[in-house]
1. Output the helices (runs of 4 or more DSSP H) that fall wholly within the stretch 145-263 and possess 3 or more residues being closer than 26 Å to residue 106 by Cα, or say none.
2. What do you reckon, is residue 178 within 12 Å of the ligand (Cβ to nearest atom), touching a helix residue (DSSP H, G or I) at 6+ places or on another chain (Cβ under 9 Å) and farther than 30 Å from residue 71 by Cβ?
3. From the residues in the stretch 82-102 that are more than 17 Å from residue 220 (Cβ to Cβ) and surrounded by 16 or more Cβ atoms within 10 Å (Cβ to Cβ), which one is farthest from the ligand (Cβ to nearest atom)?
4. Pairs please, first residue from the stretch 231-243 and outside the structural domain of residue 164 (by TED's automatic domain parsing), second anywhere and surrounded by 13 or more Cβ atoms within 10 Å (Cβ to Cβ), Cβ atoms under 7 Å, 6+ apart in sequence or on different chains.
5. Scan the stretch 110-119 residue by residue and report those that are assigned to a strand (DSSP E or B) and farther than 19 Å from residue 136 by Cβ.
6. Just to be sure before I move on: is residue 105 closer than 18 Å to residue 223 by Cβ and not assigned by TED's automatic domain parsing to the domain that holds residue 197 in the structure I sent?
7. Do we have any residue at all in the stretch 211-226 that's closer than 25 Å to residue 135 by Cβ, crowded, with 20+ Cβ neighbours inside 10 Å and away from the ligand (no atom under 16 Å from the Cβ)?
8. Residues 132, 123: which one is in contact (Cβ under 8 Å) with a residue 12 or more places away in the chain, on the phi > 0 side of the Ramachandran plot and outside any strand (DSSP E or B)?
Ligand code: LIP
């Protein structure tokens, strides 16, 4: 069942990425509206991409639920829900920075069981099934991912992101300033889904972000956890309040440091 859900996510995700690439104009993309703040932008292409994904999944599995960044929630009857960010990294998409993705996850009885992420600009794809590992796709081959250990916390390369609301950003910037002297360096690419895939690939050692929505986290979080990384919230499961990710070799020390820095 989970393999079938993943294959549907990949098929729909690839079609959505091809659609976005086909319709994206040269230069900057027009902003259609803003949400939580004047810089929390959405484009007509975000909305159309989500509609395409909704339609394809509904045609294949009409009794499933759906939670998407740009549209209304659909309550299903099958026990399977889809959690979708049609374009994660919208600001990058608007500016033409090639780090934006389609993120599609399937939840069964409220637990994410399959996740798929594709970098729309590059075509790079990642997938995972719960208990079945995570991988980068090479055509139809699966290059299994195993996140590397970290010798010491001070050598950790940390990815992060910032909320769109100025008051929250101020607090986040102060916390990052406290964190920075204790780690190798910080990276901020602007797509949580791609950050989480990069962690699974070993391109970062740790991650912290406040304010992630479930559609930012669902697919990439499974890809990261299935590569051997630990995910945590401030006290318990990762959630909108806080998402922390690290390799077990530094996780406890890193999570304590993040809390001490005031995230
Ligand atoms: C983005 C996240 C990113 C975060 C941005 C934004 P969006 O999602 O993927 O990690 O730092 O502020 O929330 O809005 O591009 O779908």
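The values are calculated or read from the model by the stated rules, or taken from the named source; none is laboratory data. Because the structure is predicted, anything quoted here is derived from the model rather than measured. Every residue, glycine as well, gets a Cβ built from its backbone with ideal geometry; the counts of neighbours run over all protein chains shown.
1. Numbers: elements: 166-179, 192-201, 214-225, 251-260.
In the stretch 145-263, 192-201, 214-225 are the helices (runs of 4 or more DSSP H) which contain 3 or more residues that are closer than 26 Å to residue 106 by Cα.
2. Details: within 12 Å of the ligand (Cβ to nearest atom): no; touching a helix residue (DSSP H, G or I) at 6+ places or on another chain (Cβ under 9 Å): yes; farther than 30 Å from residue 71 by Cβ: yes.
Criteria not met by residue 178.
3. Let us first name the residues in the stretch 82-102 that are more than 17 Å from residue 220 (Cβ to Cβ), namely 91, 94-98.
Narrowing the set further to residues that are surrounded by 16 or more Cβ atoms within 10 Å (Cβ to Cβ) leaves 91, 94.
Numbers: 91: 6, 94: 9 Å.
Looking at residues that are more than 17 Å from residue 220 (Cβ to Cβ) and surrounded by 16 or more Cβ atoms within 10 Å (Cβ to Cβ), I get 94.
4. Close Cβ pairs satisfying both conditions: none exist.
5. Here is the first cut: in the stretch 110-119, the ones assigned to a strand (DSSP E or B) are 111-119.
111, 113 - these are the residues of the stretch 110-119 that are assigned to a strand (DSSP E or B) and farther than 19 Å from residue 136 by Cβ.
6. On the way: closer than 18 Å to residue 223 by Cβ: yes; not assigned by TED's automatic domain parsing to the domain that holds residue 197: yes.
The answer is yes for residue 105.
7. Yes.
8. Details: 132 fails: on the phi > 0 side of the Ramachandran plot.
Residue meeting the stated conditions: 123.
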